[in-house]
Amino acid sequence: MHSIIAALVLAQAIASPSPAPAPAAASTPDPNVVTLSGIFSDYAVATKNAPGTLDLSNALLTVAKPNGTFRFAATVGAYAFPVVGAPFAYATDPGANTSLYSWMPSAYVAWAPDAHWTISAGKQTALLGQESDFTYQNANIQRGLGWNVEPAFSRGVRAAYTSGRFTGALELNDGYYSGRYRAIEGLAGWAPSASTDMMFAFIVPNRDTPGNPTTSIGNKAEYDLMLTQSFGKLSLTPYYLLIESPASATAGFTSAESASLGSVIGTWQFSPVLSLAGRYERFVNHSAAGDPSANADLLGYGAGSSATSWTLTPQYTFGRYFVRLEGSRVDATGFRQSRALIEAGVKI
């Protein structure tokens with residue numbers, strides 16, 4: 001975990017472009033410093049039996065005041081969320097990517113009264129999930145099947161606590177970007193050593209929350225057990241995700257449904273400039289084929305469906321610049337996708 005997010009919630013494998021507010025450290029840097037950073041990258045996608053495409057993956061600027069009692073951060077720009085097994089969408093396509101979460105995907109203010117507590121409010125990245133939102137934050141260019149069913153951003157109030165090896169956070173927010181329906185999201189993390197982080201995260205929305213443009217099933221509760229483990233040049237981040245959608249006459253769901261996913265992401269660092277990342281996922285709907293309830297398909301390939309994905313991503317970094325290739329394959333019930341990608345960019 002990068003230091004800012006690790007100090008707050010140990011929630012993500014790579015730091016957010018709008019850094020999550022961190023509790024004050026014992027030796028705090030200048031509390032008045034405001035930073036400006038950015039990321040600009042393009043990517044090309046070639047999907048079997050589909051036309052090739054080229055688009056920007058990130059054009060983001062972040063202004064942040066990460067230290068002191070009062071803090072803030074805001075990220076602005078355009079971005080894309082390529083996902084294995086999903087159709088390609090341009091960064092500014094209606095109903096996808098930038099149009100879902102706006103040109104300001106993250107913005108918050110925070111108060112850190114002491115070295116343990118941070119209270120933040122605004123539009124923040126989710127606590128739940130082993131993968132971050134933007135392409136450059138992750139080992140792979142595309143997000144996985146698991147990320148695709150998890151919350152990405154939410155609007156709410158978060159309280160975070162850290163003490164020694166323990167971190168925790170609890171948030172009241174609008175769940176899967178529902179706008180007005182409330183959800184409780186939380187995380188507890190324990191780091192027994194410098195090479196091991198263990199985390200449990202959850203989100204429980206109102207059972208009557210309807211779907212919205214970011215998710216077709218908005219009342220699903222999710223429980224995520226995550227591990228980050230390093231062995232020298234090898235880093236592994238396995239996780240298990242359980243999803244439960246209760247019956248709700250208001251939301252149009254006639255029965256309770258569930259699904260589960262097991263995944264492992266691994267990175268081998270050959271040198272400071274060259275690495276190789278891989279991801280394996282197995283996602284299963286627990287519903288029966290032909291289940292008529294509108295929440296029976298938590299995966300996206302139909303009631304009773306399942307899917308397996310494989311992704312392999314070598315990356316070369318030179319200074320602030322990076323370039324990486326990627327190959328992925330998804331085998332699902334009634335569906336198969338093979339895809340190749342290349343992404344190149346610069347961090348400023």
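Key figures for this structure:
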{"read-out": "All lysines inside 30 Å of LYS233 as judged from Cα atoms, apart from same-chain residues fewer than 8 positions distant", "value": "LYS347"}
{"read-out": "Under the Karplus curve 6.51 cos²θ - 1.76 cosθ + 1.60, θ = phi - 60°, whole-Hz ³J(HN,Hα) for segment 55-68, x wherever Gly or Pro sits", "value": "7, 6, 9, 8, 9, 10, 10, 10, 10, 8, 10, x, 10, x"}
{"read-out": "Mean Cβ count within 10 Å, highest first, over the residues of peptides 189-195, 201-207, 243-249", "value": "201-207, 243-249, 189-195"}
{"read-out": "Mean-position separation - Cα centroids, segment 96-112 and segment 162-188, in angstrom", "value": "16 Å"}
{"read-out": "Pair SER99, TYR223: separation of 7 Å Cα→Cβ label points (nm)", "value": "3.8 nm"}
{"read-out": "Computed magnitude of the charge dipole of segment 278-348 (debye, nearest 20; Cβ of K, R +1, Cβ of D, E -1)", "value": "400 debye"}
{"read-out": "Packing-based exposure ordering (other Cβ within 10 Å, fewest first) of ASP224, ASP208", "value": "ASP208, ASP224"}
{"read-out": "Farthest positive-ward along segment 3-347 dipole, Cα basis, beta-carbon charges - from LEU298, PHE153, VAL273", "value": "VAL273"}
{"read-out": "Those lysines that a straight Cα-Cα span of less than 18 Å connects to LYS123, excepting residues fewer than 8 apart in one chain", "value": "LYS65"}
{"read-out": "Taking the chain and dividing mean pair separation by its residue count, relative contact order in percent (alpha carbons under 8 Å, at least six apart)", "value": "14 percent"}
{"read-out": "Size of electric dipole in the chain: Cβ of Lys, Arg +1 and of Asp, Glu -1, about Cα centre, debye, nearest 20", "value": "500 debye"}
{"read-out": "Modelled FRET efficiency - R0 30 Å, HIS116 with LEU36, Cβ distances, 0.05 increments", "value": "0.55"}
{"read-out": "Nearest-20 debye value, segment 129-266 charge dipole, Cβ charges on Lys, Arg, Asp, Glu", "value": "200 debye"}
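Taken together, the values in this text are just the output of simple stated rules run on the coordinates, not laboratory data. Given the structure is predicted, the values throughout are model-derived calculations rather than measurements. Cβ coordinates were reconstructed from backbone atoms using ideal geometry, including for glycine residues, and neighbour counts include every protein chain displayed.
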